[in-house]
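Okay, so here's the structure we're looking at.
The values are calculated or read from the model by the stated rules, or taken from the named source; none is laboratory data. Everything quoted here is computed from the prediction, not taken from an experiment. Positions of Cβ are generated from backbone atoms using ideal geometry, with glycine treated the same way; all protein chains shown enter the neighbour counts.
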Amino acid sequence: MITKDERILLYYLAKEFYRGSGKIVDAGAFIGASAYCLASGLQDNPSITNRTGIVYSYDLFRAPNKHFADMVSDAMLTEVVHQRIPLYRLNAGCSLREIFEFQTGEFASSIIIHEGSLLDFPWDCRNSIEILFADVCKSVELNGHLLRSFIPAMERGRSLLIHQDFFTIWHPYIIATMEYLRDYFEIALGQVSCTRVYRLIKPVPPDLLAQAAAYEFSREQKTELMLSAADSSPEPERPVIFGALIRDLYMVGDLYSAQEQMNRLAGSSFDRCVGWFPKLCHDCPELSVDVERAARV
Ligand SMILES: C[S@@+](CC[C@H](N)C(=O)[O-])C[C@H]1O[C@@H](n2cnc3c(N)ncnc32)[C@H](O)[C@@H]1O
């Protein structure tokens, strides 16, 4: 799910930034919001003449569980949709592809659908990638595949990597790997909801990319990378990076270090913590928090 601001961002980049030298990747397409925004921006991009087969959308197109199935049923199966696709409620595991196709149908010729695990789709590096939208790095393995297979096709000094899961507490490896690659990417845009946008400034040496993708760093290295990511980020973007680190330390059983970072977090500004801080407390019940501050979140 992407926010309104993230939708505007994707539309804007496809309309104003994209110049037609490479493809646009929509990795983690779900029921089509990101594909729609990218393809509609492409449609309104005045400098593009050929819009066929530009947006590569990847997804399993399956409702992973009942919660998702209910959410999509409630949000999507309105009367308008029922005019086109049969009336039914979705079950866990059922296909979402029909809904994706319905939602993005207006731009069907621009979008190439790749159904299945992203892990089974290595990128063909004869095609360059101008915009790489990543809303699929839900595991170390998926993040590794994206780095290993897609990043080499990005254009130096030009291509953008849009990491939709960067500003969350659930994917610490995204923060750590991007920090590891800091000499090769610059931050192109400050935080937009959960998203950080990077520009590739120079090609990443294959061995370095392989190391980032494997994510076989020691615990100390991971912590150092995340602290360094926080230090080099604008102040308002730091709390969520600390949040990701705290949860990561907690999950590997290092409660002492997690508490240390929690105390540090309590000293930073809390105005960007809305949404994830209660979830952090829920996931890490043995940590003590500054209750007065937490109450204000
Ligand atoms: C947060 S959703 C994406 C939201 C979407 N970008 C939008 O605009 O609404 C993440 C998506 O990643 C997909 N996903 C998870 N694991 C995947 C995999 N191994 N291969 C392909 N897609 C996967 C899920 O099916 C899910 O639709």
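Residue count for segment 51-70, restricted to those that are surrounded by 14 or more Cβ atoms within 10 Å (Cβ to Cβ) and more than 21 Å from L119 (Cα to Cα): 4. Among the residues of segment 255-262, none qualifies, meaning not one is within 16 Å of C194 (Cβ to Cβ) and at pLDDT 90 or above.
Candidates in segment 93-109 are the residues that are over 26 Å from V192 (Cβ atoms) and in contact with an Asp or Glu (Cβ under 9 Å, 6 or more places away or on another chain); of these, the one that is surrounded by the most Cβ atoms within 10 Å (Cβ to Cβ) is R97. Under 28 Å from D5 (Cα atoms) and either surrounded by 14 or more Cβ atoms within 10 Å (Cβ to Cβ) or in the same structural domain as Y256 (by TED's automatic domain parsing) (or both), is that true of V204? Taking the combined requirement at face value, the residue does not satisfy it.
V136 meets the conditions (1) in a loop (DSSP other than H, G, I, E, B); (2) in contact with a helix residue (DSSP H, G or I) (Cβ under 6 Å, 6 or more places away or on another chain); (3) more than 23 Å from G41 (Cα to Cα) in every case but one. The failed one is (3).
Screening I162, I174, I151, I169 for residues that are assigned to a strand (DSSP E or B) and hydrophobic (A, V, I, L, M, F, W, C) leaves exactly one candidate, I162. Per the listing L265, L249, L209, L225, the residue uniquely at pLDDT below 95, crowded, with 17+ Cβ neighbours inside 10 Å and either closer than 15 Å to F166 by Cα or not aromatic (F, W, Y) (or both) is L265. Mind listing whichever residues of segment 42-65 are in contact with a strand residue (DSSP E or B) (Cβ under 9 Å, 6 or more places away or on another chain) and not aliphatic (A, V, I, L, M)? Those that are in contact with a strand residue (DSSP E or B) (Cβ under 9 Å, 6 or more places away or on another chain) and not aliphatic (A, V, I, L, M): G53, Y56, S57, Y58, D59, F61, R62. Taken over segment 1-52, the criterion of being among the charged types (D, E, K, R), within 13 Å of the ligand (Cβ to nearest atom) and outside any helix (DSSP H, G or I) is satisfied by D26 alone. For segment 126-139, filtered to residues that are within 12 Å of the ligand (Cβ to nearest atom) and surrounded by fewer than 23 Cβ atoms within 10 Å (Cβ to Cβ), the residue that is nearest to T195 (Cα to Cα) is K138. Return yes when S159 is in contact with a strand residue (DSSP E or B) (Cβ under 6 Å, 6 or more places away or on another chain), more than 14 Å from the ligand (Cβ to nearest atom) and at pLDDT 90 or above and no when it is not. Spelling it out, S159 is indeed in contact with a strand residue (DSSP E or B) (Cβ under 6 Å, 6 or more places away or on another chain), more than 14 Å from the ligand (Cβ to nearest atom) and at pLDDT 90 or above. Pairs are defined by a Cβ separation below 9 Å, a sequence spacing of at least 6 or placement on different chains, a first member in segment 38-54 that is under 12 Å from E16 (Cβ atoms), and a second member that is hydroxyl-bearing (S, T, Y) and part of a loop (DSSP other than H, G, I, E, B); the pairs so defined are G41/Y18; L42/Y18; N45/Y18; S47/Y18; I48/Y18.
When you look at L90, is it buried (at least 18 other Cβ atoms within 10 Å of the Cβ) and either at pLDDT 95 or above or outside the structural domain of D26 (by TED's automatic domain parsing) (or both), yes or no? When the stated conditions are applied, L90 passes them.
Within segment 110-125, if we keep just the residues that are away from the ligand (no atom under 12 Å from the Cβ) and more than 22 Å from P203 (Cα to Cα), the residue that is surrounded by the fewest Cβ atoms within 10 Å (Cβ to Cβ) turns out to be I112.
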